[in-house]
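The values are calculated or read from the model by the stated rules, or taken from the named source; none is laboratory data. It should be emphasised that the depicted structure is a prediction, and the values quoted were computed from it without experimental measurement. As a convention, Cβ positions derive from the backbone with ideal geometry for all residues, glycine included, and neighbour counts pool all protein chains shown. What goes into the accessible areas is simple: the full protein's heavy atoms, side chains included, and nothing from ligands, DNA or RNA. Shrake-Rupley method; radii C 1.70, N 1.55, O 1.52, S 1.80 Å.
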Amino acid sequence: MHDELLAVHTVLRRAAALTAAAMSRLATGEPVDVETLVRVTHWQHEFLRRHRRHAEVRFWPVLRDLFPGVALNSLRTSRTALDAQLSRLVQATDDLEHALMFPAPHRLAAAVGIAAALGEPAAARTRDLLIAHLDHEELTLWEVFPRIPAYTIETLRRAVADLPPRSAPELVLGLLSDPRPAPGAAAVLDHLSAAMRPARPAMAERYEQTKRDLAL
């Protein structure tokens, strides 16, 4: 379970770094495909929201019952700051999506301006706050993991296995391995459906194409 959670957290960290880098590229006028950037940033937001919503239902209540004295609630402060910044990133992404409807001569200039003024700072700050929040969360969890009863481990393992989003599996698989295999990647890949496994080479190519579209 420890490894599976690390794998999910690695995907979250790398997704935030990916969108921050792409926003930075766009802000300097590099040939970023804005539609792809909008899609990936919205996917990142939905991944994080689903991760947290799912964990609040199936993961954290179990730990709070087992360890009522552990300061799990201390994570709420960093989560609040992250939420505020993530809202700014979503608004900037929505503005970029709106810019796609501008007449062709003005579309790129509008997108570059939005990325420079709003998107790049929001994406960079979201990345930094998310990394700090996950670091804090992991330090808290590592204190209690050795004391989790064996009968509870499988319940939590199933909860963690269900955390990755069902949309854009090429992004999950790509971020699990780029630039190197994430801790726990093998455990997450074991949960892939049999029908999805033959599609892994095609998904790997889609991921690489996404990076090219983001000028990364």
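What ranking of Val8, Val188 comes out by heavy-atom accessible area, probe 1.4 Å, highest first?
In descending accessible area the options line up as Val188, Val8.
Which helices count as membrane-span-like in the chain under these terms: full DSSP H, at least 30 Å along the axis by C-alpha, Kyte-Doolittle mean of 0.0 or more? The partial results should precede the final answer.
On the way: long enough: 2-27 (38 Å, 0.56); 34-58 (35 Å, -1.08); 75-99 (36 Å, -0.44); 120-144 (37 Å, -0.22).
Helices passing the filter in the chain: 2-27.
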Order by protection proxy (mean Cβ within 10 Å, highest first), peptides 33-43, 83-93, 146-156 | 33-43, 83-93, 146-156
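Summing Lys, Arg as +1 and Asp, Glu as -1, what charge do residues with Cβ under 14 Å from the Cβ of Arg88 carry, Arg88 excluded?
Within the 14 Å Cβ shell, the charges total -3.
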Per GNM of the chain with C-alpha springs under 10 angstrom, the most fluctuating residue out of Glu143, Glu97, Glu120 is Glu143
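Give me the accessible area per residue for the chain, probe 1.4 Å, as a whole number in Å².
On the way: 10370 Å² over 216 residues.
Roughly 48 Å² per residue, with all protein chains present.
For the chain, what's the relative contact order in percent, using C-alpha pairs closer than 8 Å and at least 6 residues apart? Can you show the working numbers first?
Values: 214 pairs, mean separation 92.2, N = 216.
The normalised contact order for the chain reaches 43 percent.
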Pop out the carbon and sulfur fraction of the accessible area of the chain as a percent, whole number, probe 1.4 Å.
-> 57
Indicate the gyration tensor shape class of segment 1-40 (rounded, prolate or oblate), computed on the Cα atoms with a ≥ b ≥ c the square roots of the eigenvalues: a/c under 1.5 is rounded; otherwise a/b larger than b/c is prolate and the rest oblate.
-> prolate
The answer for Ala215, listing residues at least 5 apart or on another chain whose modeled amide H is closer than 5 Å to its amide H, is Asp33
Summing +1 per Lys or Arg and -1 per Asp or Glu among the other residues with Cβ less than 14 Å from Arg197's Cβ gives -1
